[in-house]
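Here the structure is laid out as structure tokens; the discussion comes afterwards.
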Amino acid sequence: MASQNLQSVPAELSPEEQEREAAGQAYFDRIISEDSRIEPRDWMPAAYRKTLLRQISQHAHSEIIGMQPEANWITRAPSLKRKSILMAKVQDEAGHGLYLYSAAETLGQSRDQMMEDLIAGKARYSSIFNYPTISWADMGAIGWLVDGAAICNQVPLCRASYGPYGRAMVRICKEESFHQRQGFEILLELSNGTAAQKQMAQDAVNRWYAPSLMMFGPPDDDSPNSKQSMAWNIKRFSNDELRSRFVGMMVEQVRVLGLTLPDKDIRFNEETKKWEHGPLDWNEFKEVLAGRGPCNSQRVERRREAHENGAWVREAAVAYARKQAQKENAA
Ligand code: BYC
């Protein structure tokens, strides 16, 4: 579907520039209508570039900030096996952030700028990472619910119309499914353990359930970006559609865990063929997005510290690259 018509070409351009813009727009519209891919050097509307940068940079920041709640438990993992699994998972999240920052850079934004915005508290990242991790069972709940929600949201993004984003998503989704299984397995083991362990698992599920449903974004009626992002084949499904699918998946899996979801209103609507859930506290969501969630300031502060402590690594890498370039020039 054409998103911007030819009338949107600014009139102050020279006739040649106008012609180039019109040809670019026609190419873009064809690619989108054929459900094909836009690549970094292709012409694209400024608003398409802007929305991709908005979503991809937020997504990258989510991966990087998302390392903190779990990294918090690496030293307290209950066994060497659990510690090494958790370390590998947290490292995977760092890798996801790097693929996504690279994808965002292809749109013309520098990584330094994105990082500056993040540590200045100006950039968004997923609301979910502003909640605290207070027990080992939270590692299970994050893997099962948070990575589960991430997969549900990200599998359709593998078909996003912007090539570098869609391709990054393919690898990320593969790793996320492993993450989800490890979370499920932590909860299963706790659920089959002592009564206190089972209670710990249930408590973690109770706390992470609603925030994980909010990961999908505001309800469709309150989602200003969805319509255009779907017209551009960036998003394939609406926030509510994906949330409903996720609830349907979790309802089945929670039975295998021997636990319950803290929502008595979950039901399958035979008419709409969709899963429905109880009301969510959208005021809480807005508070978290406004920077007033339980851990917002701590998360940004930790990131700022890590960035500053890592300055010597960046300086060393730049010095090394400069030396290598000098050697190559001299050869
Ligand atoms: N949190 O019009 P809407 C992971 C914002 S990390 C914060 O529906 P859109 C993991 C939204 O940005 C993977 N903000 O927007 C890592 C917009 O604000 P702006 C995380 C949210 O873009 C470590 C406004 O609300 N996944 O898995 O059409 C350990 C209106 O929303 C949220 C991603 O990042 C939220 N939950 O749709 C473990 C997915 N929801 O930008 C696991 C990529 C909405 O206008 N992103 N907002 O200021 C997306 O798929 C879409 O951007 C969203 C929102 C579905 C989130």
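What is the fewest-to-most order of Asp220, Asp112, Asp138 by other Cβ atoms lying within 10 Å of their Cβ?
On the way: Asp220 13, Asp112 9, Asp138 26.
Lowest count first: Asp112, Asp220, Asp138.
Expressed in whole Å with the largest first, what are the equivalent ellipsoid semi-axes of region 41-109 derived from the C-alpha gyration tensor as the square root of 5 times each eigenvalue?
34, 10, 6
Whose amide H sits under 5 Å from the amide H of Ile266, counting only residues 5 or more places off or on another chain, with H placed in the peptide plane?
Excluding prolines and chain starts, which carry no amide H, the hits are Gly278.
Holding the Cα-Cα limit at 26 Å, pick out from Lys122/Lys235; Lys81/Lys198; Lys50/Lys89; Lys235/Lys286; Lys198/Lys286 the pairs that are longer than that.
Lys50/Lys89; Lys198/Lys286
Using Cα-Cα distances under 8 Å and only pairs 6 or more residues apart, what relative contact order does the chain have, in percent?
Contact order relative to length: 18 percent.
In straight Cα distance, which aspartates and glutamates are under 18 Å from Lys174, not counting same-chain residues fewer than 8 positions off?
Filter leaves Glu63, Asp92, Glu93, Asp147, Glu185.
Report the local net charge at Leu13: Lys and Arg +1, Asp and Glu -1, summed over other residues whose C-beta lies under 15 Å from its C-beta. The partial results should precede the final answer.
On the way: positive: Arg20; negative: Glu12, Glu16, Glu17, Glu19, Glu21.
Combined, the nearby Lys, Arg, Asp and Glu give -4.
Let's test the formula: R0 of 41 Å, r as the Cβ-Cβ distance of Arg76 and Gln113. What FRET efficiency results, to the nearest 0.05?
Values: r = 36 Å, r/R0 = 0.87.
For R0 = 41 Å, the calculated efficiency reads 0.70.
Could you pull out which residues in region 54-80 have an amide N less than 19 Å from a spot 7 Å beyond the Cα of Arg304, following the Cα-Cβ vector?
Only 61-62, 64-69 fall inside the zone, counting backbone N under 19 Å.
Aspartates and glutamates near Lys264 by alpha-carbon distance under 17 Å, same-chain residues fewer than 8 away left out - which ones?
Asp203, Glu252, Glu276, Asp281
At q = 0.13 Å⁻¹, what base-10 log of I(q)/I(0) does the Debye formula yield for the chain when every alpha carbon is treated as an equal point scatterer in vacuo?
Reported log10 I(q)/I(0), two decimals: -1.05.
In region 143-243, how does Rg compare with the Kirkwood Rh, expressed as the Rg/Rh ratio over alpha carbon atoms?
Looking at region 143-243, the ratio lands at 1.08.
Expected output is a single nm value to one decimal: the length gained when fully extending between Ala319 and Glu12, i.e. 0.36 nm times separation in residues minus the C-alpha distance. What is it?
The Ala319-Glu12 span can extend by a further 106.0 nm.
For the pair Met87 and Glu34, how long in nm is the line joining their label points, each one 7 Å along Cα→Cβ?
Result for the modelled spin labels: 4.9 nm.
Return Asp203, Asp35 ranked ascending by Cβ neighbour count within 10 Å, so the fewest neighbours appear first.
The order, fewest Cβ neighbours first, is Asp35, Asp203.
Which of His59, His307, His96 moves most in a GNM of the chain, Cα contacts under 10 Å?
His307
Given region 177-229 reduced to its alpha-carbon atoms as identical point scatterers, what log10 I(q)/I(0) does the Debye formula return at q = 0.27 Å⁻¹?
Log10 I(q)/I(0), no solvent term: -1.02.
Using each residue's phi in region 20-30, evaluate 6.51 cos²θ - 1.76 cosθ + 1.60 at θ = phi - 60° and report the 3J(HN,Hα) Karplus result to the nearest Hz, with x for Gly and Pro.
Along region 20-30, the couplings run 4, 4, 5, 5, x, 5, 5, 4, 4, 4, 5 Hz.
At 222 nm, what value in deg cm²/dmol follows for the chain if DSSP H runs of at least 4 each add -39500 (n - 2.57) and the sum is divided by all its residues, to the nearest 500?
Calculated from helices alone, the mean residue ellipticity at 222 nm is -20500 deg cm²/dmol.
All of the numbers you see were taken from the coordinates with simple rules; none came from a lab. In this text the structure is predicted, and so the values were computed from the model without any measurement. With ideal geometry, Cβ positions are generated from the backbone for all residues, glycine too; neighbour counts draw on all protein chains shown.
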